[in-house]
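Structure first, then comments.
The values are calculated or read from the model by the stated rules, or taken from the named source; none is laboratory data. Because the structure is predicted, anything quoted here is derived from the model rather than measured. Methodologically, a virtual Cβ is constructed for each residue, glycine included, from the backbone with ideal geometry; neighbour enumeration extends over all protein chains shown.
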Amino acid sequence: MSKLLKNKVAIVTGGGSGIGREIAYLFAASGARVVVSDVDDASGAETVEAIRKLDGKAVYVHADTSKPAQDEALVAATIKEFGALHVAVNNAGVSGPAAPVGEYPIDGWDRVVAINLSGVFYGMRYQIPEMVKAGGGSIINIASILGQVGFRNAAAYVSAKHGVVGLTQTAALEYGAQKIRVNAVAPGFIKTPLLTNNLKSEVMASLAGMHALGRLGESAEVAELVAFLASDKASFVTGSYIPVDGGYLAQ
């Protein structure tokens, strides 16, 4: 495999499973030194162990992205371990309760927005100054197809992901002159533990039918797009919202 990310240092939040884990694997295989964060220490450590078994370089740092001090500590640990920061993938997220707006639980709203939107802001708040010091970098925020359209019974998730898109575009405008690119990736429904552990098989089949390709996506398919955006091959791509959705948004 070509070492597209050779000499790059990358943070991947939510790297213990699903899309985050596949991104961490691909980054390491592409030559990056990877800092994996999660709130599930066992799964985060498993990701790092798998990378090291393939002679990749990775460390695990516990971080709850909804707590600013932990985002700051994650970046500080990255600098201490590898000396710089060039790439950040703000991927950690939760789905939240399912209910219509008029019945949506307030505590559920607060938790989803804290992790899925504020967590991305807190991450960037501490990642960007280190990327400025490094002479530039690439931030990829994992949004969703639901960052562009609505979805019944998912008000908090939809709102947070729309917010991530606006935050991404704003940061791209602010830091382009300092050679920091900021993009949002919008996965469709992807076969991750977030889906498979929470949804019945008939619901999964119904979701698959909403995509032009007639199936759910794989985490590795999302990782390929993220790795491209992290690399210098995407040198003129910033402020973009890029779906990897099997055609979901085409309808």
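At a glance:
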{"item": "Check on Ala32, aliphatic (A, V, I, L, M), more than 18 Å from Met124 (Cβ to Cβ) and either at pLDDT 95 or above or out of contact with any Cys (no Cβ under 9 Å at 6 or more places or on another chain) (or both)", "result": "yes"}
{"item": "Yes/no for Val120 being among the hydrophobic types (A, V, I, L, M, F, W, C), closer than 23 Å to Leu225 by Cβ and in contact with a Leu (Cβ under 8 Å, 6 or more places away or on another chain)", "result": "yes"}
{"item": "Identity of the residue in segment 130-158, in contact with a strand residue (DSSP E or B) (Cβ under 7 Å, 6 or more places away or on another chain) and assigned to a strand (DSSP E or B), that ends up farthest from Asn91 (Cα to Cα)", "result": "Gly137"}
{"item": "Residue list for segment 25-41, filter: in a helix (DSSP H, G or I) and either in contact with a Pro (Cβ under 9 Å, 6 or more places away or on another chain) or buried (at least 22 other Cβ atoms within 10 Å of the Cβ) (or both)", "result": "Tyr25, Leu26, Phe27, Ala28"}
{"item": "For Pro105: the one exception among (1) farther than 24 Å from Thr196 by Cα; (2) free of Cβ contacts under 8 Å to residues at least 40 places away in the same chain", "result": "(1)"}
{"item": "Residues being of a type outside the set (A, V, I, L, M), out of contact with any helix residue (DSSP H, G or I) (no Cβ under 6 Å at 6 or more places or on another chain) and either crowded, with 22+ Cβ neighbours inside 10 Å or assigned to a helix (DSSP H, G or I) (or both) - total across segment 76-86", "result": "4"}
{"item": "Residue match in segment 51-73 (condition: buried (at least 22 other Cβ atoms within 10 Å of the Cβ), within 15 Å of the chain's Cα centre (by Cα) and more than 21 Å from Pro193 (Cα to Cα))", "result": "yes"}
{"item": "Search result, residues across segment 44-75 that are farther than 13 Å from Ala29 by Cβ, of a type in the set (D, E, K, R) and part of a helix (DSSP H, G or I)", "result": "Glu46, Glu49, Asp71, Glu72"}
{"item": "Selection count where residues are in a helix (DSSP H, G or I) and surrounded by fewer than 24 Cβ atoms within 10 Å (Cβ to Cβ), scope segment 1-24", "result": "1"}
{"item": "Residue list for segment 95-115, filter: among the β-branched types (Val, Ile, Thr) and surrounded by fewer than 18 Cβ atoms within 10 Å (Cβ to Cβ)", "result": "Val101, Ile106"}
{"item": "Residue within segment 124-138 that is modelled with pLDDT of 95 or more and closer than 16 Å to Gly163 by Cα present", "result": "yes"}
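Residue by residue, here is whether (1) without any contact (Cβ under 8 Å) to a residue 24 or more places away in the chain; (2) under 18 Å from Ala10 (Cα atoms); (3) among the polar types (S, T, N, Q) holds:
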| position | (1), (2), (3) |
| --- | --- |
| Asn197 | yes, no, yes |
| Met210 | no, no, no |
| Ala220 | no, yes, no |
| Leu229 | no, yes, no |
| Ala234 | no, yes, no |
| Ile242 | no, no, no |
| Tyr248 | no, no, no |
